[in-house]
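Colleague: So that we are looking at the same thing, I have put the structure below in structure tokens.
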Amino acid sequence: MLIKTERPSRRQVLRGVLNGAAVAVSLPLLNAFLDGNGTAMAETGKPLPMRFGTWFWGLGVDDNVFVPKTTGAGFDLPKQLEALAEVRQHVNLFTNFNIFNDGRPNLCHYSGWVALRCGSAPSTRQSKPGQSLDCAISDRIGSGSRFSTLNLAATGRPRDSLSFRDADSMNPAEISALELYQKVFGADFVNPNSASFTPDPKVMVRKSVLSSITEQSKALEQTLGAADRARLDQYYTSVRELENRLAMQLERPPAAPNCKVPGKAPADMPIGLDVERVAARHKAMVDLLVMALSCNQTKVFNVLYSDSGSSLTRNGQEKTHHGYTHEEAMDSALGYQPNASWFVGRAMESWAYLIKAMAETPEGDGSLLDHSLLYAHSDCNLAKTHSIAGIPMFTAGKLNGRVKTGLHIDGKAEAGTRLGYTLQRLFDVPLASWGTQSMETARELGEILV
């Protein structure tokens, strides 16, 4: 039965037949429903998988106690970088790279991270000029694993995600270790090292419903505006990802010698933005993420430690991290804001924890980190002035020997998109250039390439 070309209803479903059984797919929330306000594996000889991950912390740094005095290898570690002492050999630090607004306003705690993720500064807080680079990389390497991406927010808030296809298609974050465990290692998990494998008949029933509603979906699209068509396409994409995940569960997964399935679900943690609580939540989620990567459940991930307007708190003190960046005076003897700087130090401890956890996880002839590339950055440089000149960035990992590590690179005030372009090219994303206007670049950072 074909639907009529009239205004769709929120109660409308797309109906069809699959394997002789009737199926129905509910529609996502569309504008049309709203009013006008609205190396190699020994067993197979195949290369070890490449992984990509991003890590984010809010409210930047203070160059006086963050930027090393030396560039190249063996760079010094100022106060805000002291937590990286054990992992410096795995890290590249990028300073003095800029964001150019090209006449658009500097949207505090927003313009910087959006530009570094999609290559162009936004014009409003509702705009995102393109998809985030993790999505482009996932499209290249994400197949063959259950989850195209895993998104985690140590803040405990699902809206704290920096992964997006466009402004209307944000990828929500997992917000607790318990929820992450249930998603990855719950009832649908298939142990890749199990001695036996039997497809679950319930999975066979759930698989592939979109094929039965193709004609209806085409007719529906003709009644929608451009924004709704884009939103519906994103919805179909998410359903296809679910179908692919179910299809994989019907096949015996490839062996993963270093996969260690967690014995039991972690305890749930109380909500809150106290630094110690956020650090504990981050640690628990990272531990599960490392297991998920080792078990080939995903190849792409995004971790958010604190949001761009960080409201993290410190036990015994009234002000938030954000409050200190604006209200705390510079200490004339130290040359920086001591309380605001303390929060940056704690963020670097959590960044170091992720790097160390992956570096200490064996895989093939090296470690999980050796076969990965991580990208970390903030939303601004000095939060007190909302500066987007010199936003700090990092990479970690060698990506199967493609990337040099242990370097400090001075960007000489060039566009920060040079690093994002380089990352995507390393994963063979087909780009002639990346970014727009003053942010457009086709120049890789050769200093880090092998």
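Colleague: Please specify each residue of the range 163-182 satisfying the condition of being hydroxyl-bearing (Ser, Thr, Tyr), more than 23 Å from Ala376 (Cβ to Cβ) and at pLDDT 95 or above.
Modeller: Scanning the range 163-182 gives a single hit, Tyr181.
Colleague: Follow-up. Condition test on Met393, is it modelled with pLDDT of 95 or more and closer than 17 Å to Gly58 by Cβ?
Modeller: Yes, satisfied.
Colleague: Further question on the same structure: In the set Ala279, Ala267, which member is in the same structural domain as Leu178 (by TED's automatic domain parsing), closer than 30 Å to His371 by Cα and at pLDDT 80 or above?
Modeller: Ala279
Colleague: Kindly establish whether Phe94 is closer than 27 Å to Arg402 by Cα and either part of a helix (DSSP H, G or I) or not basic (Lys, Arg) (or both).
Modeller: The answer is yes for Phe94.
Colleague: Taking the condition farther than 19 Å from His371 by Cβ and either over 11 Å from the mean Cα position of the chain (by Cα) or assigned to a strand (DSSP E or B) (or both), does Leu162 pass?
Modeller: no
Colleague: Here is a follow-up. What pairs come out if I take residues in the range 431-449 that are in a strand (DSSP E or B) and pair them with residues that are modelled with pLDDT of 95 or more and of a type in the set (Gly, Ala, Ser) whose C-beta lies under 8 Å away, six or more apart or interchain?
Modeller: Partner pairs satisfying both residue conditions: Trp434/Gly119; Trp434/Gly420; Trp434/Ala442; Thr441/Ala415; Thr441/Ser433; Thr441/Gly435.
The values are calculated or read from the model by the stated rules, or taken from the named source; none is laboratory data. Note that the structure is a prediction, hence the values are computed from the model and not measured. No Cβ is skipped: glycine too gets one built from the backbone with ideal geometry, and neighbour counts run over all protein chains shown.
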